[in-house]
1. For residue 34, work out the one condition from (1) of a type outside the set (D, E, K, R); (2) farther than 19 Å from residue 218 by Cβ; (3) more than 10 Å from ligand 1 (Cβ to nearest atom) it doesn't fulfil.
2. Restricting attention to region 223-254, report how many residues are surrounded by fewer than 21 Cβ atoms within 10 Å (Cβ to Cβ) and in contact with a Pro (Cβ under 8 Å, 6 or more places away or on another chain).
3. Find all pairs meeting these conditions: Cβ atoms under 6 angstrom apart; at least six residues apart or on different chains; first residue within region 1-21 and more than 15 Å from residue 349 (Cβ to Cβ); second residue hydroxyl-bearing (Ser, Thr, Tyr) and loosely packed, with under 15 Cβ neighbours inside 10 Å.
4. Across region 330-363, which residue is surrounded by the most Cβ atoms within 10 Å (Cβ to Cβ) among those that are of a type in the set (D, E, K, R) and assigned to a helix (DSSP H, G or I)?
5. Tell me which residues, restricted to region 271-289, are modelled with pLDDT of 85 or more and either within 8 Å of ligand 3 (Cβ to nearest atom) or of a type in the set (Phe, Trp, Tyr) (or both).
6. List the residue pairs whose Cβ atoms are under 9 Å apart, where the first residue sits in region 59-73 and is assigned by TED's automatic domain parsing to the domain that holds residue 39 and part of a helix (DSSP H, G or I), the second is among the β-branched types (Val, Ile, Thr) and within 12 Å of ligand 2 (Cβ to nearest atom), and the two are 6 or more positions apart or on different chains.
7. Would you mind telling me which numbered condition in (1) of a type in the set (Lys, Arg); (2) outside any loop (DSSP other than H, G, I, E, B); (3) not assigned by TED's automatic domain parsing to the domain that holds residue 373 residue 303 fails?
Amino acid sequence: MGRGVFTKRDLQAGDLIGIEEMFSWTIMDECKYSRCLNCMKENYLMLIPCPNCTCAMFCSKKCLEDGTNKFHQYECPIINFMYDYLPSNFILTIRTLLNVINEFSTIKNCYTSCVESVTKNIYGDETSEFDFKDYKYSNGINLINSIYYDKSDAMAFFPYIPIIALLKYFLIRKTKLKEMVIEKEHQDFISEAMLLYTRIIQDSSYGSKIIFSEDSPEFQFLSPFESLFNHSCNPNVEHWIIGKKVYFLTLKPIKKGLQLLLNYCPDFGTLPKEHRILFLESRNFVCRCEACLKDYPTFNIEKAKNHKPKLYTRDFNAILSNMGKINDMTPKQAYTYLKQCSKFMEKYYYKFFPDQPVILIERLITKIISKLLGDESMKNVIKKNK
Ligand SMILES: [Zn+2]
Ligand SMILES: [Zn+2]
Ligand SMILES: [Zn+2]
């Protein structure tokens with residue numbers, strides 16, 4: 001078994017398993033005037049521009065300062081070029097590199113640390129364990145640097161070499177990096193790191209993965225923890241994005257030792273197997289999840305509501321009677337409702353999934369979590385019950 005995320009304890013549906021800050025991010029060209037480049041919050045027509053370029057917008061003086069210090073001071077002279085000519089994957093590659101450099105005070109430190117984490121392959125072999133409890137933002141670098149370092153994979157880097165060479169030229173000739181990257185070794189490091197990040201971003205960034213969604217994403221980001229998850233068309237975890245934070249919550253009860261799985265195409269309930277296969281094939285991916293192997297049925301809300309009586313019918317109807325009231329619920333009521341759904345899943349999921357009513361409760365859980373995470377005070381209740 002390859003890399004994956006496993007739970008060390010029993011989890012219930014609706015449990016928060018982690019919050020991760022995006023490691024690097026970029027806003028799509030069409031949305032760059034409606035989101036703050038530093039905190040990613042939407043703030044239409046109220047943003048302050050960087051005084052030196054027309055591309056970077058910030059929601060406050062503080063964000064302007066933070067964003068400039070972190071990465072924008074380097075990219076500012078070439079940001080127009082970036083937006084005009086580069087696919088977002090490469091913009092994200094540059095930001096990833098700049099965020100990595102920013103974590104260290106000099107290129108030399110950055111180089112030494114990156115080489116070390118690659119050689120040691122921290123978190124990279126199958127037996128090593130990575131505990132989310134001890135995970136900090138800066139560990140993201142080690143995670144990123146070890147994600148796809150596989151020498152047999154060298155051919156996969158080939159198509160990117162010309163464009164990375166060009167980006168390196170711009171970065172070390174036209175930006176402040178000129179003063180920092182002098183030695184040949186460090187110049188090579190810039191291009192090697194960018195090649196690696198491009199590969200990772202291609203396979204693991206949000207925005208690159210969600211190409212099947214109806215609306216194109218407004219931004220693209222790299223979340224190292226998220227890139228450790230494997231795919232399932234029947235996921236047991238979902239992510240919610242708020243500003244720059246990514247919340248991971250469970251959708252089903254998950255027994256200790258089992259794998260946590262996310263999904264990157266519409267799930268089995270939304271899209272029938274033959275369509276999912278086509279989509280996943282375009283990503284060179286053959287899915288062997290239980291939904292694909294057992295060909296689970298798509299979700300049909302009418303069928304769910306009109307199911308024939310079963311062992312769970314009473315509990316199901318009790319939940320169903322409040323389904324239309326979610327929008328009017330106070331956060332506290334919504335939380336109680338979430339717990340009620342979670343209990344239902346605990347009792348019936350393993351016996352009856354994928355019965356239509358059980359799929360419906362799982363979808364309801366997603367809806368309640370979205371409501372709760374949209375509420376500042378309730379976000380804390382969710383966090384406390386982690
Ligand atoms: Zn901001
Ligand atoms: Zn600027
Ligand atoms: Zn599948």
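1. Residue 34 satisfies all of (1) of a type outside the set (D, E, K, R); (2) farther than 19 Å from residue 218 by Cβ; (3) more than 10 Å from ligand 1 (Cβ to nearest atom) except (2).
2. Counting residues in region 223-254 that are surrounded by fewer than 21 Cβ atoms within 10 Å (Cβ to Cβ) and in contact with a Pro (Cβ under 8 Å, 6 or more places away or on another chain) gives 0.
3. From region 1-21, the pairs are 21/137.
4. That would be 362.
5. Of everything in region 271-289, those that are modelled with pLDDT of 85 or more and either within 8 Å of ligand 3 (Cβ to nearest atom) or of a type in the set (Phe, Trp, Tyr) (or both) turn out to be 273, 276, 287, 288, 289.
6. Listed pairs, sorted by first residue: 61/48; 63/48; 64/48; 72/79; 73/175.
7. Exception for residue 303: condition (3).
Conditions tested, residue by residue: (1) under 28 Å from residue 203 (Cβ atoms); (2) more than 29 Å from the chain's Cα centre (by Cα).
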{"residue": "284", "(1), (2)": "yes, no"}
{"residue": "293", "(1), (2)": "yes, no"}
{"residue": "299", "(1), (2)": "no, no"}
{"residue": "303", "(1), (2)": "no, yes"}
{"residue": "306", "(1), (2)": "no, yes"}
{"residue": "312", "(1), (2)": "no, yes"}
{"residue": "322", "(1), (2)": "no, yes"}
{"residue": "360", "(1), (2)": "no, no"}
{"residue": "376", "(1), (2)": "no, no"}
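The values are calculated or read from the model by the stated rules, or taken from the named source; none is laboratory data. Being a predicted model, the structure only gives us computed values, none of them experimental. Here the Cβ is made from the backbone with ideal geometry for all residues, glycine too, and neighbour counts use every protein chain on show.
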